[in-house]
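Working notes, beginning with the structure itself.
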Amino acid sequence: MLESLEKMLAQGMDNPMLRFGLGKGYLDAGDAEKAAAHLRRCVELDARYSAAWKLLGKALQSSGDLEGARTAWEKGLVAAQAHGDKQAEKEMTVFLRKLDKASRP
């Protein structure tokens with residue numbers, strides 16, 4: 001699946017859905033850095049894409065960038081609230097709470 005998505009990107013197709021698919025695919029494959037790059041581009045193309053913010057936070061967290069993850073989830077919360085995306089809002093709230101809990105001594 002990733003090969004065909006990369007081929008589409010190489011042919012000049014670039015949109016939030018394609019970038020989200022690439023980001024999710026790379027995250028599922030264990031390549032958090034590549035996932036983060038595609039998900040960053042996804043939210044640059046559509047800052048209201050709350051699912052992309054959620055996955056971007058996960059990718060950044062997996063690659064050790066906890067502050068980046070926090071920022072992504074905070075921006076994702078704003079996007080989710082603006083769209084009434086209650087599920088994404090709940091999930092990112094939980095992620096942020098766990099991040100806060102883990103960073104306390």
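Bear in mind that the values in this text are calculations on the coordinates, not laboratory data. Remember, predicted model here, so these are calculated numbers, not experimental data. Positions of Cβ are backbone-derived with ideal geometry, glycine not excepted, and every protein chain shown enters the neighbour counts.
Points to keep in mind about this one:
- Close pairs (7 angstrom Cβ cut-off, 6 or more residues apart or separate chains): closer than 16 Å to Gly68 by Cβ and without any contact (Cβ under 8 Å) to a residue 60 or more places away in the chain in the stretch 93-105, surrounded by 11 or more Cβ atoms within 10 Å (Cβ to Cβ) and basic (Lys, Arg) anywhere: Leu96/Arg70; Leu99/Arg70
- Subset of the stretch 1-25 [assigned to a loop (DSSP other than H, G, I, E, B) and touching a residue at least 12 places away in the same chain (Cβ under 8 Å)]: Met1, Asp14, Asn15
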